[in-house]
Amino acid sequence: MRIPSFAASAALTLLFSSTAFAASDSDIQAMKAEIQAMRQTYESRIAELESKLSKIESQKPAGQQAAATAPVSARKPARTIRDNSFNPSVGLILNGKYSGFSGDSSEFAGFAIGEEGERGKQGFGIDESEFNFSSNVDDKFYGSVTAAIVREAGEDKIELEEAFIQTLPGMGLPKGMNVKAGRALWTLGYLNEHHSHTDDFADRPLPYRVFLNSAFNDDGVEVSYVLPTNFYSEIGGGGFRGDDTPFGGASGGGFDAWSAFARIGGDIGDNQSWRLGGYTLSGDAGGRAGNGETVNFTGDTSLYAADLRYTWAPTGNPRAQEVMLQGEYFWRSEDGTYEDFAAGTGAAGFDDNARGWYAQGVYKFLPQWRIGYRYSRLITPDVPLGLLGSALDAGGYNPDAHAVMADWTNSEFSRVRLQYNHEKLTRGRNDDQILLQYIMSIGAHGAHKY
Amino acid sequence: MHRMLPALFFLGLMTAVPLSAQAKLNLFACEPEWAALARELGGDDVEIFTATTPRQDPHHVRAKPSLIAAMRRADLVVCTGASLEVGWLPILLQKAGNANTQPGGAGLLLAAELVPLLEKPVRLDRAEGDIHPEGNPHVHLNPHNIALIAQALTDRLKTVDAANANAYQARFDVFSQKWCDATQRWEQEAAGLKGAAIVVHHKAFSYLLAWLGIREAGVLEPKPGIPPSASHLEALLQKLTLSPVRLIVRTPYDPPDASEWLSQKTGAAATVLPFTVGGDAGSNDLFALFERTIALLKGASGD
């Protein structure tokens, strides 16, 4: 580029100097302008030709290009991978944990919980290893499947966490609207729609464990709509089969459960962001088992939740330092019958509510290092006479738990975390837990939500 | 039935919200340099939203709520591409549900697709760090790239907002003339830098160095996106003892400790280049960005 442009200007300069003797000042000015114009034309032509040339070069077979640029030792055809143009993106999450517990059980006073809500295995073991396949189906649909391989009762089982289709903007729905159908981690609070490998702690807070058995991923359909406002606001709702906690034993007659949500969010200056949401999820539980099938609930259950998340980058660059505050509040109202087979209560009427919340703060003080603290608490319901002495009878005790963690993130694909929990889930029984966890991601790794 | 009431309520709300009519073209720029270019070409005909500040590393931005709202109202999106925004742009495009700005359409312009890319990796392996399969995405610090991208952006503005096509063309004609003159001036001013050697924090300046003929004598990051390690800095120090450099440069968002350490050990000046428009007090448009950058390079290297 330099040589041709230099040659061009040299030629022009020569032309200019040889004719300048007889010219007046105004002529000189005019010619100068003309030369300037010519020069620009050349410059832009050259730039254009260069870009054409480079385009042609980049279209050459990959082997040729590598041969031209690669050092002699690496002179073999380079593989070009372009997000597997027509094949689905494939991603794997590898997840392992060492857990040490001081208590011998993790029963929650006042709640009969599902298996996922219990604490993990003692000792070293792999956690959920996830496989994800996702791709645009065509111009109107996107599809994604996430399967987790888990060990339950001594056997490796595949659990279908998500298998959904979602509309693309090419569908022609109103601007801002999305429809999702299948099985998915639905919009409910903050953590529910996130895969657990993106969590800031090694386990889920108490309200998620008792109210949602870790996460609500029933089969269903959800519509969401980002409103045309200057700040972020979104509303939506869904209908679900009613098989997953907090429901169970779906009637199969259509949708047994319904949800609705509304969210708003925005920025405060350049370095702070927030989001606030309100959610409902309610339906019929045709038979929800808990405490290893020894407790059964049948009836109406409604869950109301609120979440708030706030992030602040003190230096302006969240990559370097960031403070993340997050909290969620759950309120569950149930009207139906509980039965504790182990305690032989028989079916006992129940109409009361339970609450739970957690609040956490995570501070990234160096680009690769973070520390965090989380407090979670449950407020148990008063049980009716028929359930006195059953697993649901907390005797007025409200479980709570503290967690502190430190993690090291080598790259966005690998993280190692040490966590200490102090859980007081039943009166007079403390459980001190040490968790050492790794989370690694291979292959395609989708962008993370806020 | 009462369970469906909240859903019905929201459906009602949804249909009640009026669609606001916007007179100006809404342009969403992923980085400040594209916002600045859009300002040159769009003038008063465009309303510009800039997703990142000069202090933010555009590789690592959260898909935060405000960005979803801005993406939803965008008529034209201008980003770097080449996987620079891979951690956040796809989620914005999906979540905003805006058919105008989808990949492949006129409403999404990716600058890196318009210019020849440097440093295309031969070996695609994550053990190599945060590499971009397409090549180095930081294309904007070569003014010849800006000229090409300005042309393409003008075409897009004319397509998306045909009513103001003449105004965009007129602004482009003025801009490209000024830009061409300025480019030549900068090339003359920086001629003395040719052949000089500098150390960079991240490979964010490759296009600038290639344009000015400056040699990159070392990178503080052992691999792209991996923070400088003690062993790597020690090795770099050994290398620089044998062949000294006068300058260690970084962007406003790179942490200062590694370059300050190396600067103390070697005597080379550690300098923050503005990197993008607004990156320092003086760099308030694209012209000033290049002027400041060249002045800083010349000043610190004693040319």
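Where a number appears in this text, it was derived from the coordinates with a stated rule and is not lab data. Here the structure is a predicted model, which means the values were calculated and not measured. Here the Cβ is made from the backbone with ideal geometry for all residues, glycine too, and neighbour counts use every protein chain on show.
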Positive-end residue, segment B:43-138 charge dipole about Cα centroid, Cβ charges, pick of B:Pro90, B:Pro116, B:Phe49:
B:Pro90
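To the nearest 20 debye, what charge dipole does the protein assembly as shown have about its Cα centre, counting +1 at the Cβ of each Lys and Arg and -1 at the Cβ of each Asp and Glu?
Rounded to the nearest 20 debye, it is 2360 debye.
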Where in chain B are the DSSP H helices whose alpha-carbon span along the long axis reaches 18 Å or more and whose Kyte-Doolittle mean is at least -0.5?
B:143-160, B:230-242, B:286-300
Do any cysteines in chain B lack another Cys Cβ under 4.7 Å, and if so which?
B:Cys180
Two-site FRET efficiency, A:Trp369 against A:Arg429, from Cβ-Cβ distance with R₀ of 35 Å, rounded to 0.05
0.55
Per-residue Cβ counts within 10 Å, from other chains only, averaged over B:113-122: what number is that?
4
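I need the shape label for segment A:348-450. Rule: rounded when a/c is under 1.5, else prolate if a/b > b/c, else oblate, with a, b, c from the alpha carbon gyration tensor. Walk me through the numbers before you get to the answer.
Numbers: a/c = 3.03, a/b = 2.33, b/c = 1.30.
Taking the square roots of the gyration eigenvalues as a ≥ b ≥ c, segment A:348-450 is prolate.
What is the mean number of Cβ atoms from other protein chains located within 10 Å of the Cβ atom of each residue in peptide B:94-106, rounded to a whole number? Present the calculation step by step, with values, prior to reporting the outcome.
Values: counts 7, 9, 6, 14, 4, 8, 2, 1, 4, 1, 2, 2, 0.
Per residue, the average neighbour count from other chains is 5.
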Cα lying deepest toward the dipole's positive end in the protein assembly as shown, options A:Gly125, B:Trp179, A:Ile93, charges on Cβ
B:Trp179
Work from the charge dipole of the protein assembly as shown (Cβ charges, +1 for Lys and Arg, -1 for Asp and Glu, about the Cα centre) and give the residue of A:Trp331, B:Ile146, A:Leu168 farthest towards its positive end.
B:Ile146
What's the average, rounded to a whole number, of partner chain beta-carbon atoms within 10 Å of each residue's beta-carbon in B:51-57?
5
Checked segment B:23-184 against the a/c 1.5 cut and the a/b vs b/c comparison, axes a ≥ b ≥ c from its Cα gyration tensor; verdict oblate
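At a 10 angstrom cut-off on C-beta neighbours, averaged per residue, how do the peptides A:154-163, A:87-96 rank from highest to lowest?
Numbers: A:154-163: 12.6, A:87-96: 16.0.
By packing density, highest mean first, the sequence is A:87-96, A:154-163.
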Once you order the gyration tensor axes a ≥ b ≥ c over the Cα atoms, which shape class does segment B:145-240 get: rounded for a/c under 1.5, otherwise prolate or oblate by comparing a/b with b/c?
oblate
Straight-line reach from A:Lys424: which aspartates and glutamates fall under 13 Å, measuring Cα to Cα and dropping same-chain residues less than 8 apart?
A:Asp104, A:Glu107, A:Asp400, A:Asp432
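Could you rank the peptides B:138-147, A:180-189 by their average count of other C-beta atoms within 10 Å per residue, with the highest value first?
Taking the mean over residues of other Cβ atoms within 10 Å, the ranking is B:138-147, A:180-189.
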Any idea how many Lys pairs in chain B come in under 19 angstrom at the alpha carbon, given 8 or more places apart or on separate chains?
10
Which of B:Thr276, B:Thr241, B:Thr154 moves most in a GNM of chain B, Cα contacts under 10 Å?
B:Thr241
